[in-house]
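The values are calculated or read from the model by the stated rules, or taken from the named source; none is laboratory data. The structure displayed is predicted, hence computed values, not measured ones. Note that we place each Cβ from the backbone using ideal geometry, even for glycine, and neighbour counts take in every protein chain shown. Accessible surface is based on the protein model in full, side chains and every heavy atom, while ligands, DNA and RNA are left aside. Shrake-Rupley method; radii C 1.70, N 1.55, O 1.52, S 1.80 Å.
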Amino acid sequence: MHNVSSTARSRVLVAMSGGVDSAVAAARLVDAGHDVVGVTLHLWDYPEAGAGSHGRCCAPEDQYDARRTADALGIPHFTFDRRELFAKTVVEPFVDAYLAGETPSPCAACNRGVKIGELVALADRLGAARVATGHYARLGHTESGEPFIREGIDGSKDQSYFLYATKRVELDRLVFPLGESTKTEVRAEAALRRLPGATKGESQELCFVGAGAHAYASFVEERARGRLRPGPIVDAEGRVVGAHEGVHRFTIGQRKGLGVALGKPAFVTAIDSETGTVRLGDEKDLSSIETAIEDIVVAPGVDLPLDARIRVRYRHEGAVGRIERSITPSESSGKITFTSPVRAVSRGQIAVFYDGDRVLGGARIC
């Protein structure tokens, strides 16, 4: 049931963030008869006091909630400090990307460079055969038995996009107890079980940045003093129509908060971090038929070139295109050619490749 086998009692490490999803995942594992151990990764500390003004990222109050849930379920719980790794692998590249005029995908970087690998390593230390998370994703297997990531049943919450780079040795260990469920079902189950935090609010998509219209910009500015790149705002013809305080305040496709009025709808169509220039244009100027990619990762048994459904950002349903590797200078780079124009393809985002609901791989848009 729920992608959790109870045929043999085995130790399972479950990642507990203090939220509803991981609580229900842990509860289902306990019901299935496994020897469950809860683990929380302490990733970030918030400068402001009090919860509610930021998302969830395993800060002290989240650790407390995770411990309460573990106690209610009668399972052991451990917290491990991974703040230094998180800052180096996720936060610093996030700031650098915005300063370079890019739009990063920190959740993909976190799953790839912090969470999954650290959880598997901790499972080894704690004698756990499997690692379970509260991701809304599923596992599948090819005819030859190769595991792969699948989209979760709940399309509005699916998190397979962020798991595109999961390694083969990690896939063999993973369990996704929520993959066959919707968020509504999970929240109702938490309430029925009377789990601590069952009524907890929804997490922000980006957990280490506070709430508010200018939260991203403020976060970058606090950590990049002296590195900000102000510059001109130009229209499609290159005429200067305004000025800005830094390219980190803009993303491709942005329409609001531009600080200029052209008398017609205008969108950010290009960002040049070298000169600090932000270019505006019409919505039609946002469409791309081709994009360069780098750091290509493909699942075992998948070869390029291939045709696939390609999601160019988390909330993108996907567009059909062809992925090809470059012959030079590196096989880790290449290009995507779409069958029809795609809106707002942005440097720094991740393009994830799908065959139906199966994740075939992904790459960084450059």
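Could you state the angle between the C-alpha long axis of helix 60-73 and the longest principal axis of the C-alpha atoms of the chain, as a value from 0 to 90 degrees rounded to the nearest 10?
30 degrees
So who's got an amide H within less than 5 Å of the one on VAL14, skipping anything under 5 residues away but keeping other chains? H placed 1.01 Å off N, in plane.
The answer is VAL37, GLY38, VAL39, ALA132.
For segment 69-120, how big is Rg over Rh, using alpha carbon atoms and the Kirkwood form of Rh?
Working: Rg = 14.8 Å, Rh = 12.7 Å.
A ratio of 1.16.
With θ set to phi - 60° and the Karplus curve 6.51 cos²θ - 1.76 cosθ + 1.60, what are the ³J(HN,Hα) couplings of segment 243-258 in order, to the nearest whole Hz, using x for Gly and Pro?
Result, ordered by residue: 9, 9, 9, x, 5, 5, 8, 10, 9, 4, x, 5, 10, 8, x, 7 Hz.
Please compute the contact order of the chain in relative form: average sequence separation of alpha-carbon pairs under 8 Å and at least six residues apart, divided by the residue count, as a percent.
Working: 796 pairs, mean separation 60.2, N = 366.
16 percent.
Pop the C-beta distance of GLU290 and ASP31 into the FRET formula with R0 = 56 Å and round what comes out to the nearest 0.05.
Details: r = 49 Å, r/R0 = 0.88.
With a Förster radius of 56 Å, E is 0.70.
What nm distance separates the two modelled labels at GLU245 and ALA211, each placed 7 Å from Cα along Cα→Cβ?
2.2 nm
Looking only at the chain, where both bridge partners belong to it, what percent of the DSSP beta bridges are antiparallel (to the nearest 5)? Please list the in-between numbers first.
Working: 45 of 62 bridges.
The antiparallel fraction comes to roughly 75 percent.
Say each of GLU84 and GLU143 gets a label point 7 Å from the Cα, pointing the same way as Cα to Cβ; how far apart are those two points in nm?
Between GLU84 and GLU143, the label points sit 5.0 nm apart.
Name the long-range amide H neighbours of LEU280: under 5 Å, sequence gap of 5 or more, or other chain; modelled H, no Pro or chain starts.
Amide H neighbours of LEU280, under 5 Å, 5+ apart: VAL234, ASP235, ALA236, THR269.
Using Cα pairs under 8 angstrom and six or more residues apart, how large is the relative contact order of segment 263-334, in percent? Walk me through the intermediate numbers first.
Numbers: 79 pairs, mean separation 16.6, N = 72.
Relative CO of segment 263-334 lands at 23 percent.
Which of SER160, SER17, SER333 moves the most in a Gaussian network model of the chain with Cα springs under 10 Å?
SER333
Relative to the longest principal axis of the chain, what angle (0 to 90°, nearest 10) does the C-alpha long axis of helix 183-193 take?
So the helix axis and the longest Cα principal axis differ by about 30 degrees.
Quick one: net charge around GLU294, please, counting Lys, Arg +1 and Asp, Glu -1 for every other residue with C-beta under 14 Å from its C-beta.
Numbers: positive: ARG325, LYS335, ARG347, ARG364; negative: GLU102, ASP295, GLU324, GLU331.
Here the charged neighbours net out to 0.
Ratio of alpha-carbon Rg to the 2.2 N^0.38 Å globular estimate for the chain, to two decimals, please.
Details: Rg = 21.6 Å, N = 366, 2.2 N^0.38 = 20.7 Å.
Here the answer is 1.04, to two decimals.
So what's segment 166-288 giving for Rg/Rh, alpha carbon basis, Kirkwood Rh from the mean inverse pair distance? Don't jump to the answer; show the numbers that get you there.
Values: Rg = 21.4 Å, Rh = 18.4 Å.
Answer for segment 166-288: 1.16.
Using only alpha carbon pairs under 8 Å that are at least six residues apart, calculate the relative contact order of segment 233-366 and give it in whole percent. Could the numbers behind the result be given before it?
Working: 279 pairs, mean separation 30.7, N = 134.
This gives 23 percent for segment 233-366.
Find out how many positive minus negative residues lie around ALA72, taking Lys and Arg as positive, Asp and Glu as negative, among other residues whose Cβ is under 9 Å from that of ALA72.
On the way: positive: ARG68, ARG193, ARG194; negative: ASP71.
Computed value for this residue: +2.
Roughly speaking, what is the stretch gain from LEU306 to SER218, that is 0.36 nm per residue apart minus the C-alpha to C-alpha distance, in nm to one decimal?
Numbers: separation 88, 0.36 × 88 = 31.68 nm, distance 4.07 nm.
Once the chain is fully extended between LEU306 and SER218, it gains 27.6 nm.
Beta carbons within 10 angstrom, averaged per residue: use that to sort the peptides 35-41, 259-265, highest first. Could the numbers behind the result be given before it?
Details: 35-41: 22.7, 259-265: 10.1.
Averaged packing, sorted descending, gives the order 35-41, 259-265.
Kindly write out, for segment 280-285 in residue order, the coupling ³J(HN,Hα) from the Karplus curve 6.51 cos²θ - 1.76 cosθ + 1.60 (θ = phi - 60°), rounded to whole Hz, with x marking Gly and Pro.
10, x, 7, 4, 5, 6
Note down the nm distance, to one decimal, between modelled labels 7 Å out along Cα→Cβ at ASP124 and at ALA188.
So the label points at ASP124 and ALA188 sit 4.2 nm apart.
Determine the per residue accessible area of segment 61-185 with all protein chains present and a 1.4 angstrom probe, expressed in square angstrom.
Numbers: 5160 Å² over 125 residues.
Per residue, segment 61-185 has an accessible area of 41 Å².
What's the magnitude of the charge dipole for the chain around its Cα centre, counting Lys and Arg as +1 and Asp and Glu as -1 at the beta-carbon? Answer in Debye, nearest 20.
On the way: 46 positive and 48 negative charges, 75 e Å.
So the magnitude is around 360 debye.
I'd like the projected area of segment 81-159, averaged over all directions, using the convex hull of its alpha carbons. Report it in nm² with one decimal.
That works out to 7.4 nm².
Among SER346, SER105, SER287, which one shows the biggest mean-square fluctuation in a GNM of the chain, springs joining Cα atoms closer than 10 Å?
Its mean-square fluctuation being the largest, the pick is SER287.
Taking H as built 1.01 Å from N, whose amide H comes closer than 5 Å to the amide H of ILE293, not counting residues under 5 places away?
GLY334, LYS335, ILE336, CYS366
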